[in-house]
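Below you'll find the structure, written out as structure tokens, and then a few comments.
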Amino acid sequence: MKEYDYKTDAWVQWCPGCGNYGVLSALRKALAELKIDPKKLVIVSGIGCSSRIVYYIRGSNVHTVHGRAIPVASGIKLANPGLTVLVAGGDGDILGIGAGHFVALGRRNIDLKVLIHDNAVYGLTKGQAGPTLPSGVKLRAMNYANIHEAVNPLLLALASGYAFIARAFAYHVKELKEIIKEAILHRGSAVVDILQPCVTYNDLMTREWFEKRIYYLESPPNESELLQRMKEVDRIPLGVFYKAEKETFDQKMALMVGKNKDLKT
């Protein structure tokens, strides 16, 4: 399979320079290198600029309602475990209105991969503060500085029970591709928080702003360093933070059904 095998005829409707282009390119390359059959690929998105990605990749993709991509994807994966099922959405979609579903996925450990397009704003609705925007920051479309504390996607994923947790940068396509591949291959719930500039509404967290702060982990931090790395804000670590082999939801269900089989008969 080649990258172009996953392209569609749809016109890509993102602003020039948007970080979503990097995510799209990295995801296509990852799918090609893993040789995932488009007929066995499902990408589910919610609402937002990033959620249009389902139109640009060949697969049986679903553009669902705001914040509900994870439960829809969960049903698809449990109904047909042979599919590769991904969730794509912005930080507002997944960590705002969809936060409860994000937590539930970690607790259940269903074999889904969540890609968070994290630009810290609601770009589609003109630049309101997103869940990951730091408190006290005022961007160009806001009348006042953000008064909410930011959600840390990595800490929330760890507390929820995700089996694979990583962070990447949208403009580093090669490195992002490798992290997405690793997430897809890891059995269980996986999340990749993808930092990306919103070139229209986020005039602070630009490509230059990120490039001055990001650095790559050489390997996943050990247990004593994990929380410290996830909390860093002045310098921003990228890479795989955590991965663990855990019993998945379908394995637990199969075991429970087997144990109760005699009771039913």
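The values are calculated or read from the model by the stated rules, or taken from the named source; none is laboratory data. Just so it is clear, the model here is predicted, and its values are computed rather than measured. Cβ placement follows ideal geometry from the backbone for every residue including glycine, while neighbour counts extend to all protein chains displayed. All accessible areas refer to the heavy atoms of the entire protein, side chains included, with ligands and DNA or RNA removed. Shrake-Rupley method; radii C 1.70, N 1.55, O 1.52, S 1.80 Å.
Quick notes on this one:
- Pick from region 48-67, criterion surrounded by 22 or more Cβ atoms within 10 Å (Cβ to Cβ) and among the hydroxyl-bearing types (Ser, Thr, Tyr), ranking: nearest to LEU31 (Cα to Cα): TYR56
- Qualifying residue in region 157-166 (condition: closer than 16 Å to VAL23 by Cα and not hydroxyl-bearing (Ser, Thr, Tyr)): yes
- For region 132-152, a residue qualifies if it is aliphatic (A, V, I, L, M) and free of Cβ contacts under 8 Å to residues at least 12 places away in the same chain, and exactly one does: ALA145.
- Filter result (part of a loop (DSSP other than H, G, I, E, B) and surrounded by fewer than 24 Cβ atoms within 10 Å (Cβ to Cβ)) within region 35-47: LYS35, ILE36, ASP37, ILE47
- Any hit, region 103-124, residues being modelled with pLDDT under 95, surrounded by fewer than 24 Cβ atoms within 10 Å (Cβ to Cβ) and in a loop (DSSP other than H, G, I, E, B): yes
- Of the helices (runs of 4 or more DSSP H) lying entirely inside region 147-232, those containing at least 2 residues that are over 20 Å from VAL114 (Cβ atoms), of a type in the set (Asp, Glu) and out of contact with any Gly (no Cβ under 8 Å at 6 or more places or on another chain) span 207-211, 223-231.
- Taken over region 53-70, the residue count meeting the criterion of being hydrophobic (A, V, I, L, M, F, W, C), over 15 Å from the mean Cα position of the chain (by Cα) and either under 14 Å from VAL85 (Cβ atoms) or in a helix (DSSP H, G or I) (or both) is 2.
- Subset tally (residues that are open to solvent by 40 Å² or more (accessible area, probe 1.4 Å) and small (Gly, Ala, Ser)) for region 226-254: 1
- Just one residue in the set GLY100, GLY96, GLY17 is assigned to a helix (DSSP H, G or I), open to solvent by 20 Å² or more (accessible area, probe 1.4 Å) and within 17 Å of LEU195 (Cα to Cα); that residue is GLY96.
- Here LEU27 meets each of (1) among the aliphatic types (A, V, I, L, M); (2) assigned to a helix (DSSP H, G or I); (3) open to solvent by 20 Å² or more (accessible area, probe 1.4 Å) with one exception, condition (3).
- The number of residues in region 133-146 being exposed (fewer than 14 other Cβ atoms within 10 Å of the Cβ), modelled with pLDDT of 95 or more and touching a Gly at 6+ places or on another chain (Cβ under 8 Å) comes to 1.
So that you can scan it fast, the table gives a plain yes or no per residue for (1) out of contact with any strand residue (DSSP E or B) (no Cβ under 6 Å at 6 or more places or on another chain); (2) more than 24 Å from PHE249 (Cβ to Cβ):
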{"site": "VAL12", "(1), (2)": "yes, yes"}
{"site": "ALA26", "(1), (2)": "yes, yes"}
{"site": "LEU34", "(1), (2)": "yes, no"}
{"site": "PRO38", "(1), (2)": "yes, yes"}
{"site": "GLY46", "(1), (2)": "no, no"}
{"site": "SER60", "(1), (2)": "no, no"}
{"site": "ALA69", "(1), (2)": "no, no"}
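- Scanning region 68-93 for residues that are polar (S, T, N, Q) and either closer than 16 Å to ILE194 by Cβ or touching a residue at least 60 places away in the same chain (Cβ under 8 Å) (or both) turns up just one, THR84.
- Filtered residue count, region 199-234, keeping only those that are under 19 Å from the mean Cα position of the chain (by Cα) and β-branched (Val, Ile, Thr): 1
- Meets criteria (farther than 30 Å from ALA254 by Cβ and open to solvent by less than 50 Å² (accessible area, probe 1.4 Å)) for PRO153: yes
- Those residues of region 233-254 which are within 18 Å of LEU155 (Cα to Cα), of a type in the set (A, V, I, L, M) and either in contact with a strand residue (DSSP E or B) (Cβ under 9 Å, 6 or more places away or on another chain) or assigned to a helix (DSSP H, G or I) (or both), in sequence order: ILE236, LEU238, VAL240, ALA244
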